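**Q** Encoded as structure tokens, here's the structure I'll be asking about.
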Amino acid sequence: MAQAITDVREAQDILRDLFDRYGAGGSGRGRAVFFGGAGVSTASGIPDFRSVDGLYHQRFAYPPEVMLGHDFYMTHTPEFYEFYRAKMIAPDARPNRCHTKLAELEAAGKLEAVVTQNIDGLHQAAGSKCVYELHGSTHRNICQRCGAVYSAEWVLADGADDPRHVPVCEKCGGPVKPDVVLYGENLSQRTLEASVRAIAAADLLVIGGTSLVVYPAAGLTQYFRGSRLVIVNRDPTPQDAMADVLISCDIAQAFDF
Ligand SMILES: NC(=O)c1ccc[n+]([C@@H]2O[C@H](COP(=O)([O-])OP(=O)(O)OC[C@H]3O[C@@H](n4cnc5c(N)ncnc54)[C@H](O)[C@@H]3O)[C@@H](O)[C@H]2O)c1
Ligand SMILES: [Zn+2]
């Protein structure tokens with residue numbers, strides 16, 4: 001049976017203690033890895049998908065899972081860009097305490113890597129260096145012809161007059177596509193393998209802010225062989241039974257230690 005925690009102070013104490021004990025710190029005994037999802041960024045004002053106030057509960061012309069599909073991108077490119085600019089790019093979002101604490105833990109030698117399903121770049125904005133972005137990033141938008149890379153701001157500016165405008169490369173006129181893994185597309189093999197290696201080598205795995213239902217990302221937990229598995233999530237997940245410690249509270253508060 002997992003130890004179940006709902007009290008924020010207790011959660012903070014337990015997390016602090018676990019990173020001290022299992023992080024690669026002074027004694028170098030182990031390694032800690034964080035594996036997160038959209039719930040890590042809700043406190044930064046970016047809605048997740050499956051919470052009650054998540055994107056799946058908002059009304060759009062098409063369901064979000066359709067608009068985030070490869071087929072939709074190919075067949076409804078203007079509508080895709082309208083949604084991408086309005087709902088995926090979050091230019092004003094700033095890292096919250098979970099992001100900054102993870103960056104501090106890494107700098108202190110207590111955290112090996114962050115594996116994230118998020119595409120918002122907030123871990124890097126907080127200062128994390130080793131971040132595996134399983135689903136890519138809105139901060140990279142790539143010309144499909146010549147490989148030129150454009151920022152999220154460039155995509156927004158390009159759509160300032162018409163949010164449905166399909167951006168084309170300034171250098172070669174080729175189509176620019178977000179470096180984001182859409183439904184129906186494969187994850188980067190290199191990123192996936194690096195994430196598997198990090199999780200397989202970890203002694204402490206802290207999973208947070210993810211419903212653990214989106215595969216293949218959710219399957220990464222099967223590679224964990226270490227001592228302690230912790231889940232920090234507001235709602236239950238299908239993998240709660242795997243956890244040694246189950247923390248259900250706001251993750252930005254839990255990491256404010
Ligand atoms: N910020 C982003 O980049 C972003 C935002 C939305 C969706 N996505 C994408 O959508 C997919 C959705 O899968 P997912 O599992 O990451 O998200 P999800 O929406 O399926 O699940 C989010 C989970 O986080 C929990 N949660 C939300 N806010 C929390 C908080 N403050 N504290 C603790 N728990 C909290 C919820 O209970 C929920 O179980 C991902 O693949 C991701 O690429 C990314
Ligand atoms: Zn180009």
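The values are calculated or read from the model by the stated rules, or taken from the named source; none is laboratory data. These figures come from a predicted structure and were not determined experimentally. Cβ atoms come from the backbone with ideal geometry, glycine included; neighbour counts cover every protein chain shown.
**Q** Among residues belonging to region 125-154 that are of a type in the set (Lys, Arg) and outside any strand (DSSP E or B), point out the one that is nearest to ligand 1 (Cβ to nearest atom). Write out each step before concluding.
**A** Pass one, region 125-154, residues of a type in the set (Lys, Arg): 129, 140, 145.
Those left that are additionally outside any strand (DSSP E or B): 129, 145.
Working: 129: 19, 145: 26 Å.
Here the answer is 129.
**Q** Still on this structure, I have one more. If you check residue 32 against the conditions, is it buried (at least 21 other Cβ atoms within 10 Å of the Cβ), in the same structural domain as residue 217 (by TED's automatic domain parsing), of a type in the set (A, V, I, L, M) and away from ligand 1 (no atom under 16 Å from the Cβ)?
**A** Values: buried (at least 21 other Cβ atoms within 10 Å of the Cβ): yes; in the same structural domain as residue 217 (by TED's automatic domain parsing): yes; of a type in the set (A, V, I, L, M): yes; away from ligand 1 (no atom under 16 Å from the Cβ): yes.
So residue 32 passes the test.
**Q** Now a separate question. Select from region 1-20 the residues that are touching a Leu at 6+ places or on another chain (Cβ under 8 Å) and not in a helix (DSSP H, G or I) and write down the one among them that is nearest to residue 241 (Cα to Cα).
**A** For region 1-20, the residue satisfying everything is 2.
**Q** Also: Identify, by number, the condition in (1) among the β-branched types (Val, Ile, Thr); (2) modelled with pLDDT of 95 or more; (3) farther than 21 Å from residue 140 by Cβ that residue 66 doesn't meet.
**A** (2)
**Q** Let me ask you something else. Out of 82, 65, which single residue is in a helix (DSSP H, G or I), at negative phi and in contact with a Pro (Cβ under 9 Å, 6 or more places away or on another chain)?
**A** Values: 65 fails: in contact with a Pro (Cβ under 9 Å, 6 or more places away or on another chain).
Every option except 82 fails the conditions.
**Q** Answer yes or no: is there a residue in region 247-254 that is more than 12 Å from ligand 1 (Cβ to nearest atom) and either buried (at least 17 other Cβ atoms within 10 Å of the Cβ) or under 18 Å from the mean Cα position of the chain (by Cα) (or both). Steps first, please.
**A** First, the residues of region 247-254 that are more than 12 Å from ligand 1 (Cβ to nearest atom): none.
Among the residues of region 247-254, not one is more than 12 Å from ligand 1 (Cβ to nearest atom) and either buried (at least 17 other Cβ atoms within 10 Å of the Cβ) or under 18 Å from the mean Cα position of the chain (by Cα) (or both), which makes the answer no.
**Q** Moving on to the next point. Would you mind stating whether residue 183 is of a type in the set (Phe, Trp, Tyr), over 26 Å from residue 227 (Cβ atoms) and surrounded by fewer than 22 Cβ atoms within 10 Å (Cβ to Cβ)?
**A** Numbers: of a type in the set (Phe, Trp, Tyr): yes; over 26 Å from residue 227 (Cβ atoms): yes; surrounded by fewer than 22 Cβ atoms within 10 Å (Cβ to Cβ): yes.
Judged against the criteria, residue 183 is a match.
**Q** Among the residues of region 91-114, is any away from ligand 1 (no atom under 16 Å from the Cβ), over 24 Å from residue 202 (Cα atoms), at pLDDT 95 or above and part of a loop (DSSP other than H, G, I, E, B)? Break it down into steps so the answer makes sense when it comes.
**A** Taking region 91-114 and keeping what is away from ligand 1 (no atom under 16 Å from the Cβ), we get 103-113.
Next cut, over 24 Å from residue 202 (Cα atoms) only: none.
So far as region 91-114 goes, no, none of its residues is away from ligand 1 (no atom under 16 Å from the Cβ), over 24 Å from residue 202 (Cα atoms), at pLDDT 95 or above and part of a loop (DSSP other than H, G, I, E, B).
**Q** Follow-up question, since we're still on this one. Need the failing condition index for residue 157 against (1) more than 14 Å from ligand 1 (Cβ to nearest atom); (2) of a type in the set (A, V, I, L, M); (3) closer than 30 Å to residue 18 by Cα, just the number.
**A** (3)
**Q** Let me ask something else about it. Being of a type in the set (Asp, Glu) and under 21 Å from residue 13 (Cβ atoms) is the filter here, so list the residues in region 92-110 that pass it. Give the derivation first.
**A** First pass over region 92-110, keeping only residues of a type in the set (Asp, Glu): 92, 104, 106.
Passing the criteria: 104, 106.
**Q** Follow-up question, since we're still on this one. Report yes if some residue within region 203-210 is touching a residue at least 12 places away in the same chain (Cβ under 8 Å), over 25 Å from residue 137 (Cα atoms) and touching a Lys or Arg at 6+ places or on another chain (Cβ under 9 Å); otherwise report no. Before the answer, list the steps.
**A** In the first step, residues of region 203-210 are kept if they are touching a residue at least 12 places away in the same chain (Cβ under 8 Å); the result is 203-210.
So of that shortlist, the ones also over 25 Å from residue 137 (Cα atoms) come out as 203-204.
Imposing the further condition that a residue be touching a Lys or Arg at 6+ places or on another chain (Cβ under 9 Å) reduces the set to 203-204.
So far as region 203-210 goes, yes, one or more of its residues are touching a residue at least 12 places away in the same chain (Cβ under 8 Å), over 25 Å from residue 137 (Cα atoms) and touching a Lys or Arg at 6+ places or on another chain (Cβ under 9 Å).
**Q** Something else now. Give the residues of region 147-176 that are more than 26 Å from the chain's Cα centre (by Cα), surrounded by 12 or more Cβ atoms within 10 Å (Cβ to Cβ) and among the acidic types (Asp, Glu), sorted by residue number.
**A** Residue satisfying the conditions is 170 alone.
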